[in-house]
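S.K.: Once you've had a glance at the structure underneath, I'll fire off some questions.
Any read-out appearing in this document is the output of simple, stated calculations on the displayed coordinates, not a laboratory observation. Since the model is a prediction, treat every value here as computed from it, not as a measurement. Cβ atoms come from the backbone with ideal geometry, glycine included; neighbour counts cover every protein chain shown.
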Amino acid sequence: MKQIIGGNWKMNGSRLASLEFLREMKRLGSEYASSDIVLFPPFTLLPLMTDAAADAGIETGGQDVFWLEKGAFTGEISPAMLVDAGASWFIAGHSERRHVIGETDEIVRRKLETGLETGLRGILCVGELIEEREAGKTEEVVRRQVQSALEGLDCVSPENFVIAYEPVWAIGTGLTATPDEADRMHSLIREWVAAIKSNDFADNTRIQYGGSVKPDNAAEILSRPSINGALVGGASLKPESFMDIIKAVPLQE
Ligand code: PGA
């Protein structure tokens, strides 16, 4: 299965720096990468980046999306607007949206559904808080997040959908789940997806790991067969470190 490496810039970046970033990625050979590469810049940079990203073999996506097409929703961006801005992907349910902004499972589900119905491809983020982990609730929480996003969702397929398992305590902290822990959660998520959809669906769905993925731990994480890519925050802000992670993807036979 082809891996997918996402770069989530969060609230970072500028017009000048984003074009320099893409030029440097191309110079470093991103267009020859064996995995899919998707950058998630702030909305404001999407239209500017489209052509240069395509030239570097990179797709772009929105870090979030609203669940309705248009209307009186001050500050929101609809899926059709993302398409119009050149994006082909979106993220639903990033932990900062869930835990800083307060998005519920229901909101995440609606975002996922509308985004996919519009023809975008979506990354669903799931993951437990440190308190949930310490209370032994990791599986319960992640299972609930997966179920509420996927149950009865007809517009989803392994072609338009990716899951990112991101333990919240590992995001931006320098801590990572051990490859064994991540491996175990990825296998469980695949089982839950199989129960909701089908074995075939689950076997073909890519599950990324996210949370302090860096050049020095990427090879170990990405070499696990249950892990089909990474969603990278901090280390995606510099072309050199992002490229080193992309190069850590094992070659497919
Ligand atoms: P990080 O962020 O790589 O900076 O931990 C990951 C993410 O939030 O997707």
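S.K.: If I filter the range 204-218 down to residues being on the phi < 0 side of the Ramachandran plot and in contact with a Pro (Cβ under 8 Å, 6 or more places away or on another chain), which single residue comes out as nearest to the ligand (Cβ to nearest atom)?
M.R.: The selected residue is Arg206.
S.K.: Moving on. Is it the case that some residue within the range 30-42 is more than 20 Å from Leu124 (Cβ to Cβ) and of a type in the set (S, T, N, Q)?
M.R.: yes
S.K.: Could I ask something else about it? Can you pull out the residues in the range 79-110 that are in contact with a Phe, Trp or Tyr (Cβ under 8 Å, 6 or more places away or on another chain) and either buried (at least 20 other Cβ atoms within 10 Å of the Cβ) or part of a helix (DSSP H, G or I) (or both)?
M.R.: Quick first cut of the range 79-110, residues in contact with a Phe, Trp or Tyr (Cβ under 8 Å, 6 or more places away or on another chain) only: 79, 82, 85, 89, 91, 107, 110.
Correct list: Pro79, Leu82, Trp89, Ile91, Ile107, Arg110.
S.K.: Could you count how many residues in the range 240-253 are within 13 Å of the ligand (Cβ to nearest atom) and closer than 15 Å to Asp36 by Cβ?
M.R.: 2
S.K.: Related question: Spot the failing condition for Gly119; the list is (1) out of contact with any Phe, Trp or Tyr (no Cβ under 7 Å at 6 or more places or on another chain); (2) outside any loop (DSSP other than H, G, I, E, B); (3) surrounded by fewer than 21 Cβ atoms within 10 Å (Cβ to Cβ), and only one is missed.
M.R.: Of everything listed in (1) out of contact with any Phe, Trp or Tyr (no Cβ under 7 Å at 6 or more places or on another chain); (2) outside any loop (DSSP other than H, G, I, E, B); (3) surrounded by fewer than 21 Cβ atoms within 10 Å (Cβ to Cβ), Gly119 misses just condition (2).
S.K.: Okay, moving on. Have a look at Leu222, Leu237 and point out the one that is among the aliphatic types (A, V, I, L, M) and within 11 Å of the ligand (Cβ to nearest atom). Don't jump to the end; show me each part of the working.
M.R.: On the way: Leu222 fails: within 11 Å of the ligand (Cβ to nearest atom).
Sole residue among the options that is among the aliphatic types (A, V, I, L, M) and within 11 Å of the ligand (Cβ to nearest atom): Leu237.
S.K.: Grab the helices (runs of 4 or more DSSP H) fully contained in the range 151-253, keeping just those with 1 or more residues being hydroxyl-bearing (Ser, Thr, Tyr).
M.R.: Those helices (runs of 4 or more DSSP H) span 179-196, 239-247.
S.K.: I'm checking my understanding of the structure. Among residues of the range 135-178 that are without any contact (Cβ under 8 Å) to a residue 12 or more places away in the chain and more than 19 Å from Ser226 (Cβ to Cβ), which one is surrounded by the most Cβ atoms within 10 Å (Cβ to Cβ)?
M.R.: So the residue we want is Lys137.
S.K.: Restricting to the range 151-182, name every residue that is more than 16 Å from the ligand (Cβ to nearest atom) and under 16 Å from the mean Cα position of the chain (by Cα).
M.R.: If the condition is that a residue be more than 16 Å from the ligand (Cβ to nearest atom) and under 16 Å from the mean Cα position of the chain (by Cα), then Val156, Ser157, Pro158, Glu159, Asn160, Phe161 are the ones that fit.
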